[in-house]
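Note sheet for the following structure.
The values are calculated or read from the model by the stated rules, or taken from the named source; none is laboratory data. All of these numbers come straight from a predicted model, not from anything done at the bench. Cβ sites come from the backbone with ideal geometry, for glycine too, and all protein chains shown count toward neighbours.
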Amino acid sequence: MVYIKKFLSKFYNRQEGAVAIIVAVALVAILFGVLSLSIDLNRTQTSYTHNYNATDAAALAGAEMWLQGKIDAIGKIPEPLEFKPDISQMTE
């Protein structure tokens, strides 16, 4: 036990490497911060892309319905639309 205390006291009294340890811990913290920011920005960009694609699809669907005469220019439906499912799409 005395040997261990004597051995550790050499390292405890020396402070030469303390700055290196503090810098290493700070760099790890900065690395985690940058990593979390990049993940967050990636999720934001993915969400933006999905919303943009959904908006484009809705605009194209509305334009197609207008060209087919299913809706008029201000978006009113002249007659009720009927849902006619295709049986081939329902089978797995």
- Please identify the pairs in which a residue from region 50-63 that is free of Cβ contacts under 8 Å to residues at least 60 places away in the same chain has its Cβ atom under 8 Å from the Cβ atom of a residue that is surrounded by fewer than 10 Cβ atoms within 10 Å (Cβ to Cβ), counting only partners at least 6 apart or on another chain. G62/G75
- Query: Given (1) part of a helix (DSSP H, G or I); (2) surrounded by 10 or more Cβ atoms within 10 Å (Cβ to Cβ), where does K70 come up short, assuming only one miss?
  - Reply: (1)
- Do we find that S9 is modelled with pLDDT of 95 or more and of a type in the set (S, T, Y) in this structure? no
